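These notes are about the structure you will find just below.
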Amino acid sequence: MLAKLNEVKTNQVKPVALKEYLVEYIEDFLYDCKMRSVKTYDNYKSDINKLSKEMFGLEGYQFLERSHFEGLTVDDTIKYFRTVSQEEGPDGERLFSNSTLNRRISSFKSITKYLTARGAIEYPVNQMLVLLKALPKQSERIAVLSIEDSDACIEHLKQMPKGDILSLMAKLSVDTALRASELLKLEWKQFRVHDDVVVIQSDGAIKGKGGKDYRDVISLALYDELLTLKQEDSPKVFNISYSYVTQNMSRALEELGLTEHNYSFHSFRKRSLSNVVALTGDIYEAKKKGRHSSIATTELYLEDTDYGMTGYYSLGDVDTNLFEKASHEELIEAIKGMSKGYIHLLNIKLSQKK
C-alpha cells in the first residue's frame, strides 16, 4: 500500500484544552449519518476507517488524533488521492475506480468539515474545498482516436522517456485491439513466427480480460520492432507499469492539444476496432476481434464519423459509377483530397490485390 502520510508535525499542535483523540466526535458524526440512512452510515464508517489506515497507518478511526489532521496539509491530501488513483493490482488494472475514490474524497471532506465546525481541529477547510476536486466520471464515453490523432500520439510518445516502449505498445494496441492491461502481461512465448506473419495468442494463464482466449496476427516488420525491446532477464515484452503508461498518455494528449476529446490509451483499442469495420464493412468482425459478448458493446467502440450527405435520394442525379469513368489524373486528385485515414485504408485494399 502507499507510503504513510502521517509524519505528524507536532510543532503545529496547539496546547489547547481539547481532547487529543477524536473518536467521540467521529462517532457523533456517524450517529448523525445513521439517523439519515444506514447505508450512508456504513459507507462513511468504512471510508473513514480506510482513510485512517492508508493516510495515517492506524488500525481504525478510534486512534485518530487532532495532530493527524492538523499535521496534514491540503497538498498532502491532494498528493494522497492522486497516488491512490494510480494504484494497480497484479493484473495491471487500477485498484480503485473514480467513483470509489470520489466517495472517499467526499467522506474526507465531510468529516473534516464536521470536526472543524465542532472545534475539534483547526484545518483550512475552505482551501481544501477549492483545491481537492472530484475525479472525472468514468461513465463518460472514451473517444475513438482518429487515424491522424493516433499517428500523432504514437510519434509523440516516441519522444518521451521509455518512448520506444510506449509507442510500440500503442502500435500493437492499434494492430491487435489488446488492452493496456493485456499488453503489460504479454510474454515473448506467446509469439509464433511463420513465413510471412507472426501470430500472437493467449497462453496458459495469460489470457485476456474475463479469462478469454485471444489470437491475432501482426506483420514481421512490427515484430522486428518489438524485438528491440527484448530483455534477456525478462519474459515480458513491455517492462513498464500501468501508471507510467496512463500518466505519459495524458501528458502526450495535453502537449498535442487533444484534451478536448475524452481520449485515453484505451482509445487505441477503439481505433483498432474502427479500422476493422472500415476494412471489412462488417461489425461482427470487429466484435470478434474485440472479444465482446454483445454487439451493443462493439458499437460503443466504433468511430462516430460524419460522412456528409450520403442519403440515396438526397444525392439526386450523382452518377454512383463516376469513379469508373474518371481519368487516372482525376482519381488521383480526388483521393488526395480525402482524409489520411481513407487513403491508408485504400492502400491496404490495393496491397491485398497484389
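The values are calculated or read from the model by the stated rules, or taken from the named source; none is laboratory data. Being a predicted model, the structure only gives us computed values, none of them experimental. Counting neighbours? That spans all protein chains shown, and the Cβs are built from the backbone with ideal geometry, glycine included. The accessibility values were calculated without ligands, DNA or RNA, using every heavy atom of the protein model including side chains. Shrake-Rupley method; radii C 1.70, N 1.55, O 1.52, S 1.80 Å.
Some notes on this structure:
- Qualifying positions in segment 132-154 - assigned to a loop (DSSP other than H, G, I, E, B) and closer than 13 Å to residue 248 by Cα: none
- Selection count where residues are more than 15 Å from the chain's Cα centre (by Cα) and surrounded by 18 or more Cβ atoms within 10 Å (Cβ to Cβ), scope segment 176-199: 5
- Residues being more than 22 Å from the chain's Cα centre (by Cα) and assigned to a loop (DSSP other than H, G, I, E, B) are entirely absent from segment 266-280.
- Hits in segment 19-66 - residues which are of a type in the set (Lys, Arg), over 20 Å from residue 101 (Cα atoms) and surrounded by fewer than 13 Cβ atoms within 10 Å (Cβ to Cβ): 19, 36
- Residues considered: 172, 129. Of these, the only one that is under 27 Å from residue 215 (Cβ atoms) and in a helix (DSSP H, G or I) is 172.
- Residue match in segment 119-132 (condition: open to solvent by less than 20 Å² (accessible area, probe 1.4 Å) and either modelled with pLDDT under 80 or touching a Pro at 6+ places or on another chain (Cβ under 9 Å) (or both)): no
- Candidates are the residues of segment 1-45 that are at pLDDT below 80 and among the basic types (Lys, Arg); the one that is farthest from residue 83 (Cα to Cα) is 19.
- Considering segment 145-164, the residues that are of a type in the set (D, E, K, R) and in contact (Cβ under 8 Å) with a residue 60 or more places away in the chain include one that is surrounded by the fewest Cβ atoms within 10 Å (Cβ to Cβ), namely 148.
- Flag if residue 157 is outside any loop (DSSP other than H, G, I, E, B), within 30 Å of residue 244 (Cβ to Cβ), of a type outside the set (Gly, Ala, Ser) and at pLDDT 90 or above: yes
- If the condition is being of a type in the set (A, V, I, L, M, F, W, C), within 18 Å of residue 230 (Cα to Cα) and touching a Lys or Arg at 6+ places or on another chain (Cβ under 8 Å), then segment 156-179 contributes only 166.
- Considering residues of segment 245-281 that are touching a helix residue (DSSP H, G or I) at 6+ places or on another chain (Cβ under 9 Å), farther than 30 Å from residue 349 by Cα and at pLDDT below 90 only, the residue most open to solvent (accessible area, probe 1.4 Å): 259
- Answer residue from segment 212-231, given it is among the basic types (Lys, Arg) and within 24 Å of the chain's Cα centre (by Cα) and is most open to solvent (accessible area, probe 1.4 Å) among those: 215
- Residue check, residue 204 at pLDDT below 95 and in contact with a Leu (Cβ under 9 Å, 6 or more places away or on another chain): no
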